[in-house]
Structure formats: C-alpha cells, structure tokens
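Please treat every number below as a calculation from the coordinates, not as lab data. Predicted model only: the values in this text are computed from it and were never measured. Counting neighbours? That spans all protein chains shown, and the Cβs are built from the backbone with ideal geometry, glycine included.
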Amino acid sequence: MTIAMPAASLDDVLGWLQESWFTWGGGHQLAYGMTGAGKTTLLRHIMSRCCPADRVIVFDPKPADDPSWTGGEDPPRPITALPSAFGSCHDGGGPAGLWYRLTASHDPADTTRRFAAAMQIIRAEGHAVAVLDDAHELCAGLGLRKEIDQVLGLGRSAVIAAIVASGDPSYVPRGQFAHKWIGHLDGLAAGKAAAELLGQHGTGWADTLLATDGHEWVFAASRDSVCRLAV
C-alpha cells in the first residue's frame with residue numbers, strides 16, 4: 001500500500017522556498033537520492049532561486065569536472081582554495097559574483113586539508129551557504145564528518161545555511177534539516193531510511209518513496225507537509 005500525497009510543481013516549491021528560506025533563519029536542506037537521481041541539478045535549482053545574492057561555497061569532492069556544475073547559467077567559479085572574506089570582491093560565479101566551487105584533486109590528503117581549511121573559514125566568518133555535494137564522499141572518503149557537523153551545528157547562530165546532498169543516509173546528520181528532498185532510490189533499506197528521514201515509519205511510506213522515479217522528488221517542509229513534484 002502506498003501513501004497518497006498532494007502533487008506540486010518544482011517551480012511552486014522553489015517559489016515558496018524563495019519567500020520563506022533565508023540564510024539567517026531558514027534551516028538546512030537535505031537532498032537524498034541514489035546516484036543519477038539528479039541531486040546536483042536540484043542543488044543548482046535551489047541555489048538559483050534561494051541564494052542569488054548569498055555567499056555560496058560548493059564542496060565538490062569529485063576530482064573530475066561535473067557538467068552539472070560547469071554548465072548552465074551562472075555556474076559557481078571553480079577554485080582550489082577558499083580565501084578569507086571570500087566574495088568581497090564579487091569575483092566568483094553566480095548572478096552576483098558570490099558563488100565558488102571548491103574542487104578536489106586526485107590526492108585525497110590534499111583535498112581533505114583544503115576542504116577542512118575552507119570549513120574553518122566558514123565557521124569563523126559565517127554569513128554563507130555551504131553546499132555539500134556529496135556528504136557520503138566528504139564524510140567517508142575524506143574524513144570530514146567532524147568538520148561538517150561543526151558547520152551544521154553553528155547554523156543560524158553564525159548565519160550559516162547548508163544544502164546537503166547524499167546518496168547514503170548513514171552519512172547524514174539527523175534532526176538538523178528543516179527541508180528534505182527525496183529522489184529516486186533503490187532497495188527497501190533505502191526506502192525505509194528515506195521514510196525515517198521524513199519522520200515516518202512503515203512499509204507504506206517506504207514503498208511510496210521507492211516509487212519516486214528519476215524525474216520526481218518528494219519534498220517535505222515538515223513531518224505533516226509532504227508533496228510529490230515532477231522535475
């Protein structure tokens with residue numbers, strides 16, 4: 001048995017977020033879906049609508065350039081190190097020159113060092129949006145879970161918002177996300193994990209979320225406010 005939920009358009013949900021989600025008090029966002037679900041594309045949509053004038057730093061742990069980040073309109077500027085007071089000269093990408101994408105190298109130790117230094121700058125300066133794509137590789141592959149937890153823990157007290165993508169819920173800090181996006185999944189364990197992320201239980205919810213195809217997302221603003229939308 002699947003759970004009935006209202007339908008909405010991506011544009012409507014992003015429009016609502018545009019009016020209600022702010023760096024200084026909107027809470028963090030999570031996008032959970034398997035590889036190929038379109039998480040990076042969704043992150044770009046969220047950034048374009050919700051963060052056009054915010055300082056944004058994307059943590060991209062993939063050594064190879066991802067067309068989802070390099071293409072399209074107003075991509076973030078790729079950098080190898082995040083400077084202090086980043087964005088003050090409006091020399092980044094994005095519509096206001098405030099978006100940056102910290103790139104990985106083929107040396108994991110070098111990447112970990114540079115990413116950890118960038119997270120320290122974010123904790124010290126605040127007033128930024130941290131985009132983590134993806135949490136599994138950042139935590140498991142690069143060993144940055146402690147640093148990520150520290151950034152997320154500061155949250156609104158330091159005017160920090162995070163938009164986190166993950167394909168593995170075991171690498172998602174629980175209970176810190178105001179808005180959650182569930183994309184295409186594979187396997188009952190993934191469906192149950194997704195239901196738990198939404199604060200739901202039972203095979204009905206797992207089956208419903210597993211029915212999300214590659215062109216859909218389920219969006220939850222709260223445990224009792226869940227909708228399905230096509231992309």
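Name the lysines eligible as straight-distance cross-link partners of residue 62: C-alpha to C-alpha under 17 Å, and not fewer than 8 places from it in the same chain.
39
Using Cβ contacts closer than 10 Å as the measure, can you line up 209, 197 from fewest to most? Mind showing how you got there, number by number?
Working: 209 28, 197 21.
Starting with the residue having the fewest Cβ neighbours, the order is 197, 209.
Show the residues, 5+ positions off or on another chain, whose built amide H is closer than 5 Å to the amide H of residue 144.
139
Please give me the summed charge of the neighbours of residue 27: other residues whose Cβ is under 13 Å from its Cβ, Lys and Arg +1, Asp and Glu -1.
So the environment of residue 27 carries a net charge of +2.
For every helix of n ≥ 4 consecutive DSSP H residues, a contribution of -39,500 (n - 2.57) applies; sum these over the chain, divide by its total residues, and give [θ] at 222 nm rounded to the nearest 500 deg cm²/dmol. Walk me through the intermediate numbers first.
Values: 7 runs with 73 residues, N = 231.
Theoretical 222 nm ellipticity from helices: -9500 deg cm²/dmol.
Distance between Cα centroids, region 83-120 to region 169-231: provide it in whole Å.
30
May I have the convex hull volume per residue, in Å³, for the Cα set of the chain? Spell out each step's value before the answer.
On the way: hull volume 25.2 nm³, N = 231.
Expressed per residue, the convex hull around the Cα atoms of the chain is 109 Å³.
Find the relative contact order for the chain and round it to a whole percent, using C-alpha pairs within less than 8 Å whose residues are 6+ positions apart. Walk me through the numbers before you get to the answer.
Numbers: 461 pairs, mean separation 66.6, N = 231.
Computed over the chain, the figure is 29 percent.
Report, to one decimal in Å, the Kirkwood hydrodynamic radius for region 31-140 based on all distinct Cα pairs. The partial results should precede the final answer.
Details: mean 1/r = 0.0711 Å⁻¹.
Roughly 14.1 Å, rounded to one decimal.
Which order do the peptides 154-161, 127-134 take when ranked by the mean count of other beta-carbon atoms within 10 Å per residue, highest first?
Values: 154-161: 17.5, 127-134: 24.2.
The peptides rank, most packed first, as 127-134, 154-161.
For residue 51, enumerate residues with amide H under 5 Å from its amide H, sequence gap 5+ or separate chain, H modeled in the peptide plane.
Those qualifying (amide H under 5 Å, at least 5 residues apart or on another chain) number zero.
What's the exposure ranking of 100, 171, 32, going from fewest to most Cβ atoms within 10 Å?
Details: 100 25, 171 19, 32 29.
Fewest-to-most Cβ neighbours within 10 Å comes out as 171, 100, 32.
Roughly speaking, what % of Cα-Cα pairs in region 182-231 are separated by over 13 Å, rounded to a whole number? Show your work: numbers first, answer last.
Details: 604 of 1225 pairs.
Here the tail beyond 13 Å accounts for 49 percent of pairs.
Determine which aspartates and glutamates satisfy two conditions relative to residue 192: a Cα distance under 15 Å, and not lying fewer than 8 residues away in the same chain.
Counting by Cα, and skipping residues close in sequence, residue 192 has these aspartates and glutamates nearby: 168, 207.
Could you check what % of the DSSP bridge pairs in region 28-184 are antiparallel, to the nearest 5?
On the way: 1 of 28 bridges.
Roughly 5 percent of the DSSP beta bridges within region 28-184 come out antiparallel.
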